[in-house]
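*Asks:* The structure follows.
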DNA sequence: CCAATATTCTATCGTCTCATAGAATAACGG
DNA sequence: CCGTTATTCTATGAGACGATAGAATATTGG
C-alpha cells in the first residue's frame, strides 16, 4: 500500500462521516439526539418528518457510526455514539455561523437580536447559580430534562410555563435554557416571562453545551416516559 | 416565518457546510490548507489531483465559506477562513477515528502501531522543549514551515533528512512533527533516524493542532517561495 | 495591446442520493 | 400463535454531484 492509496482510503473514511453531515434532516436529528436518547417515533414527530424518512436518515447515521441503537420492547431507541459527535455538530454550527451570512439573516428573522445580546454564558450562569442569585428553568420537554439537566434547574416545559408561573419566585431573575444556541424555546420563555412582569434572560447555550464544557449533569432516576 | 420554516432554513445552512465535508478530496485540501495558504497549483500537486478538479473543489469550499482567496500576481492563494475550520476538520477526524473501525484498519496497514504508541503529545513536547531535553524537527516542506512552525524547531523537510543528518545532535533525542495525526512524514522521519542510530520519536499531532492548543506559532519572515 | 500563465466558468455524462411506497421483520399482548 | 405496533428493508424515479473537457477570464511581461 503506497502513500496515495493510504491517503485516499483514510480521507474516504472521513468523508463518509462528513457526508452524513450534509443533510439538514440528519443534522436536526443529531441535535435532537444531543438532548438524550429518543425513539424513532419521537424523533420523527419532533423533526416533523415522516417516520420512514426518519428511519432512513437514522440508518445513514448509524452506518457512519454517529449513533447507536438499543431495543426496548417494540421501540428502538437511538442515541449519539459519544460526546465527540455533539462536539462535531457544534463545531459545524460554529463554522456555519461565522462563515455563512445566510445563517445570520435567517436567525435575525426569527431571533430577536436584543435577546441574544442579553444571553447569559454558561460560565456566568454557573457562577450565578453558585451565588443563588437566579432561578434556572429548563424549558425543554420533560423527557429531555430527565435524560440530563443542569443540577438545581427546574423542569418547566415551555408548554406549561404560562400556567405554572406561580411556582417561580417573583423577585429573583429567571434564566431559561433549552437545547442549544439555536433553540428558540428559551427565547419564547423569556418573552413570555417578561410579558408577565418577570425579570428573565436566556442562556446562550443549551444542555449539550453544558455537558461539553465539562460541568456536572444530573439525571432524573425513574426512566422517563417515552417521548 | 414560523418554527418549522426557521429550523429548516437554519439546518439547510449547516448542511451546506456539512455537505462540503462529504468529499475525500475536499477534506484533503482542507488538511493541506491547515498548514498555511497555498496556490491552486501547489494544492493540486500535493493532493495528486488534476488542477481542474482541484479548482472545482476549491470553489465548493469557498462557496461554503470554509476558505478564502487572494490574488498574488497570476497566482491565486487559498487559505482557511479561520481556525474554527481547522477545529471542525479535526473534530470530524476524531469522530471518524473513534467510530469507524475501517480507519483503524486502514491506518494499521500503513502506520506502524508501535510508533503510534511512542508518540509524544504536544503538551509533553512543550515541556521537553522547555527543559531543552530534545531536538525538534519540522519535516514538512519548507514553505509550510515558513508559514508557521513550533518556535525552536528546525526545518528539515523529509526529503532532505538523509543528507542533513550531521546537523542534528547525536545524543539528544529527536522529535519529529508534521501536518497532523494522520500525516506520515514524521513516521518516516523517525524510521529513518532510528535506522541511522538516533533516538527519535514522533509527535502525536501536527502544527495545526499546536496552533489550536493555543501555543505560540512562529513564522519565517521572508514570505516563502510558492509551493 | 498581445502572448503566456494561472485559474475559473460552462457544459456533459455517468453515478450516487433522496424521498417515498410496499413488503418484511421483531417484539409484545392476548 | 395471531394480530398489532414499531421499525426496517427493498425498490424506484427524480434530481444532485463528481470528474473532466473546452472555452473564457485576469494578470503579467514584453
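The values are calculated or read from the model by the stated rules, or taken from the named source; none is laboratory data. The structure presented is a predicted model; accordingly, all values stated were derived computationally and were not measured. Note that each Cβ is placed from the backbone with ideal geometry, even for glycine, and that neighbours are counted across all protein chains shown.
*Asks:* Within the bounds of the range B:112-132, is there any residue that is within 30 Å of residue B:168 (Cα to Cα), more than 14 Å from chain A (Cβ to nearest Cβ), in contact with a helix residue (DSSP H, G or I) (Cβ under 8 Å, 6 or more places away or on another chain) and at pLDDT 90 or above?
*Replies:* Yes: one or more hits.
*Asks:* Restricted to the range B:184-207, and to residues that are in a loop (DSSP other than H, G, I, E, B) and in contact with a strand residue (DSSP E or B) (Cβ under 9 Å, 6 or more places away or on another chain), which residue is farthest from residue B:90 (Cα to Cα)?
*Replies:* Once the filter is applied, the top-ranked residue is B:198.
*Asks:* Residues being within 14 Å of chain A (Cβ to nearest Cβ) and in a helix (DSSP H, G or I): count how many of those fall in the range B:56-68.
*Replies:* 5
Here is a yes/no grid of residues against (1) within 17 Å of the chain's Cα centre (by Cα); (2) crowded, with 19+ Cβ neighbours inside 10 Å:
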site: A:120; (1), (2): yes, yes
site: A:127; (1), (2): no, no
site: A:136; (1), (2): yes, yes
site: A:160; (1), (2): no, no
site: A:165; (1), (2): no, no
site: A:179; (1), (2): yes, yes
site: A:203; (1), (2): yes, yes
site: A:209; (1), (2): yes, yes
site: A:217; (1), (2): yes, no
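*Asks:* Taking residue B:166 as the residue in question, decide whether it is in contact with a strand residue (DSSP E or B) (Cβ under 9 Å, 6 or more places away or on another chain), modelled with pLDDT under 95, more than 20 Å from residue A:8 (Cα to Cα) and outside any strand (DSSP E or B).
*Replies:* No; evaluated as a whole, the condition is false for this residue.
*Asks:* Give the residues of the range A:59-89 that are away from DNA strand C (no atom under 11 Å from the Cβ), touching a residue at least 24 places away in the same chain (Cβ under 8 Å) and touching a helix residue (DSSP H, G or I) at 6+ places or on another chain (Cβ under 7 Å), sorted by residue number.
*Replies:* A:65, A:66, A:67, A:78, A:79, A:80, A:83, A:85, A:86, A:87, A:88, A:89
*Asks:* Would you confirm, using the coordinates I've provided, whether residue A:18 is outside any helix (DSSP H, G or I) and within 14 Å of DNA strand D (Cβ to nearest atom)?
*Replies:* Values: outside any helix (DSSP H, G or I): no; within 14 Å of DNA strand D (Cβ to nearest atom): yes.
Answer is no for this residue.
*Asks:* Here is a list of conditions, (1) within 11 Å of DNA strand D (Cβ to nearest atom); (2) surrounded by fewer than 21 Cβ atoms within 10 Å (Cβ to Cβ), and residue B:4 meets all of them except one; can you say which number that is?
*Replies:* (1)
*Asks:* Of B:71, B:79, which residue is over 16 Å from the mean Cα position of the chain (by Cα) and more than 10 Å from chain A (Cβ to nearest Cβ)? Please lay out each step first, then the result.
*Replies:* On the way: B:79 fails: over 16 Å from the mean Cα position of the chain (by Cα).
Result of the check over B:71, B:79: B:71.
*Asks:* As an exercise: evaluate residue B:53 against (1) at pLDDT below 95; (2) within 8 Å of chain A (Cβ to nearest Cβ); (3) within 14 Å of DNA strand C (Cβ to nearest atom) and give the number of the one condition it does not meet.
*Replies:* The single condition residue B:53 does not satisfy is (2).
*Asks:* Can you tell me which residue in the range A:22-43 is nearest to DNA strand D (Cβ to nearest atom), limited to those that are under 16 Å from the mean Cα position of the chain (by Cα) and more than 18 Å from residue A:145 (Cα to Cα)?
*Replies:* A:24
*Asks:* Shifting gears a bit: Give B:48, B:5, B:12 a once-over and let me know the one that is under 19 Å from the mean Cα position of the chain (by Cα) and either in a helix (DSSP H, G or I) or within 9 Å of another protein chain (Cβ to nearest Cβ) (or both).
*Replies:* Step by step, each of B:48, B:5, B:12 is checked, and only B:48 is under 19 Å from the mean Cα position of the chain (by Cα) and either in a helix (DSSP H, G or I) or within 9 Å of another protein chain (Cβ to nearest Cβ) (or both).
*Asks:* Going residue by residue through the range B:87-99, is there one that turns out to be part of a loop (DSSP other than H, G, I, E, B) and either within 21 Å of residue B:212 (Cβ to Cβ) or at pLDDT below 95 (or both)?
*Replies:* no
*Asks:* Could you check the range B:35-59 and list, in sequence order, the residues that are within 25 Å of residue A:93 (Cβ to Cβ) and surrounded by fewer than 18 Cβ atoms within 10 Å (Cβ to Cβ)?
*Replies:* B:59
*Asks:* For residue B:10, work out the one condition from (1) surrounded by fewer than 21 Cβ atoms within 10 Å (Cβ to Cβ); (2) without any contact (Cβ under 8 Å) to a residue 40 or more places away in the chain; (3) more than 16 Å from DNA strand D (Cβ to nearest atom) it doesn't fulfil.
*Replies:* Evaluating residue B:10 over (1) surrounded by fewer than 21 Cβ atoms within 10 Å (Cβ to Cβ); (2) without any contact (Cβ under 8 Å) to a residue 40 or more places away in the chain; (3) more than 16 Å from DNA strand D (Cβ to nearest atom) leaves (1) as the failure.
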